[in-house]
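Values quoted throughout were computed directly from the atomic coordinates according to the rules given, and no laboratory measurement underlies them. Note that the structure is predicted; figures quoted are calculated from it, not measured. All Cβ positions, glycine included, derive from the backbone under ideal geometry; neighbour counts span all protein chains shown.
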Amino acid sequence: MTELLQYLDYPFFQRALLAVVLVSLCGAVVGTYIVSRRLVAISGGITHACFGGLGLGYFLGVSPLLTAAVVAVASSAAVEWSSSRWGVRSDSAIAVVWALGMALGTLFVFLTPGYVPELNTFLFGNILTVGPSDLLAFGIFGLVLAVFTVSCYRRIVAVAFDSDFAAVSGINVRFISYAMTVLVAVCIVLTIRVVGIMMLMSVLSLPMLAAEVYCRRMATIMCASAAVSLLCCLGGLILSAGTGVPASAMAVLLMVAVYAVARISAALSVRRQAR
């Protein structure tokens with residue numbers, strides 16, 4: 001415990017704690033929308049498409065996060081456009097984007113001369129490497145996400161749960177869908193450094209899946225999932241500081257445990273009421 005308190009004096013650990021808060025709050029909003037629309041796979045598709053952008057950035061010698069952001073937004077827009085215009089099933093479009101991103105990323109990393117220094121950080125995440133610029137970008141994104149969510153909350157809920165009814169009601173479904181898809185893509189790019197490509201889909205789905213066991217309203221799910229995500233990420237960070245294992249892996253394991261406990265307790269409650 002004393003050793004853990006000593007970490008609080010270090011700027012990198014303070015930035016990690018702030019990153020945990022930002023990831024939990026933004027991930028709760030974005031993840032709830034994804035889960036509500038049953039598009040959990042899109043987070044995995046965009047995440048793995050980002051690998052192509054990262055590889056392109058390394059190959060061209062520019063910021064890999066910038067190219068990853070461009071690829072993520074383009075991929076998310078392509079999935080939404082092909083689904084709405086061409087009638088392509090969302091899971092099929094996501095599979096194409098997923099495979100193309102991973103293939104291009106592998107190709108560009110292979111063609112990049114020398115050693116790619118931060119590749120492991122982007123693949124597996126390292127919350128202790130978060131810098132002030134990352135926090136600033138995440139803070140600005142969080143502000144934009146909060147303003148858009150609050151101002152368009154009713155329309156977002158309508159589109160998330162029944163897009164056909166929303167369209168009949170006069171809501172601009174295309175605008176809400178594209179806007180939320182772009183916000184999902186940007187959130188994924190900003191979160192990659194924290195939890196990594198391999199585990200990001202878990203962070204954007206497991207807390208929401210656990211919250212919806214007991215919650216039914218979208219706002220309640222957002223709040224509950226933010227609490228679950230925050231507690232699990234903090235727990236993962238603390239366990240990582242004490243054991244030396246990756247914080248992202250510990251956080252995801254805690255989320256799986258919370259989801260399992262929620263499901264088991266809900267099943268036992270239903271059985272008890274049936275008796």
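Pair-distance distribution of the chain: all C-alpha pairs, bin width 5 Å, starting at 0; shares per bin in whole percent are 1, 6, 12, 16, 17, 16, 14, 9, 5, 2, 1, 0, 0, 0. About its Cα centre, how strong a charge dipole does region 106-226 have in debye, to the nearest 20, once Lys and Arg get +1 and Asp and Glu get -1 at the Cβ? Result for region 106-226 is approximately 280 debye, rounded to the nearest 20. Mean projection of the Cα convex hull over all viewing directions, computed for region 1-84: 8.0 nm². Model label sites at Thr106 and Thr243, defined 7 Å from Cα along the beta-carbon direction, differ in position by 3.1 nm.
In region 2-196, a dipole from Cβ-located charges (positive for Lys and Arg, negative for Asp and Glu) runs towards its positive end, and of Val144, Val62, Leu190 it is Val144 whose Cα lies farthest in that direction.
The stretch between Thr121 and Arg85 holds 9.3 nm of extra length on full extension. This uses 0.36 nm per residue minus the Cα-Cα distance.
Applying the criteria of a DSSP loop state and at most 12 other Cβ atoms within 10 Å to the trypsin sites (Lys or Arg not before Pro) of region 1-89 yields Arg38, Arg89.
In what order do Asp134, Asp91 fall by count of nearby beta-carbon atoms within 10 Å, going from fewest to most?
Working: Asp134 18, Asp91 14.
So the ranking, lowest neighbour count to highest, is Asp91, Asp134.
In region 163-220, the C-alpha radius of gyration followed by the widest Cα-Cα span (Dmax) gives 14.6, 41 angstrom. Can you find, among Leu135, Ser240, Gly170, the residue farthest towards the positive end of the dipole of the chain? Put +1 on the C-beta of Lys and Arg, -1 on that of Asp and Glu. Comparing the listed Cα positions along the dipole, Gly170 ranks first. Here the chain is treated with +1 on each Lys and Arg Cβ and -1 on each Asp and Glu Cβ, and its dipole about the Cα centre works out to around 940 debye.
Computed from phi, the 3J(HN,Hα) profile of region 212-217 under the Karplus parametrisation 6.51, -1.76, 1.60 (θ = phi - 60°) reads 6, 5, 10, 10, 10, 7 Hz, with x in place of Gly and Pro. Normalising the average separation of contacting C-alpha pairs (under 8 angstrom, six or more residues apart) by the number of residues puts the relative contact order of the chain at 27 percent.
Residues Thr106, Thr32, Thr181 in ascending order of nearby Cβ atoms (within 10 Å, fewest first): Thr106, Thr181, Thr32. Counted over region 52-127 with a bin width of 10 Å, the fraction of Cα pairs per bin, in whole percents, is 19, 44, 26, 10, 1. With only the Cα atoms considered, region 147-275 has a convex hull volume of 130 Å³ per residue.
Working note: Karplus 6.51/-1.76/1.60 with θ = phi - 60° gives region 262-275 the couplings 4, 5, 5, 5, 5, 5, 5, 5, 5, 5, 5, 5, 5, 6 Hz, where Gly and Pro are set to x.
Couplings 3J(HN,Hα) of region 165-182, computed from phi: 5, 5, 5, 5, 6, x, 7, 6, 4, 4, 5, 4, 5, 5, 4, 5, 5, 5 Hz, in residue order, whole Hz [Karplus 6.51 cos²θ - 1.76 cosθ + 1.60, θ = phi - 60°; x for Gly and Pro]. Suppose only helical runs count, i.e. DSSP H with n ≥ 4. What mean residue ellipticity at 222 nm does that imply for the chain under -39500 (n - 2.57) per run, divided by all residues and rounded to the nearest 500 deg cm²/dmol? Value at 222 nm, helices only: -27000 deg cm²/dmol.
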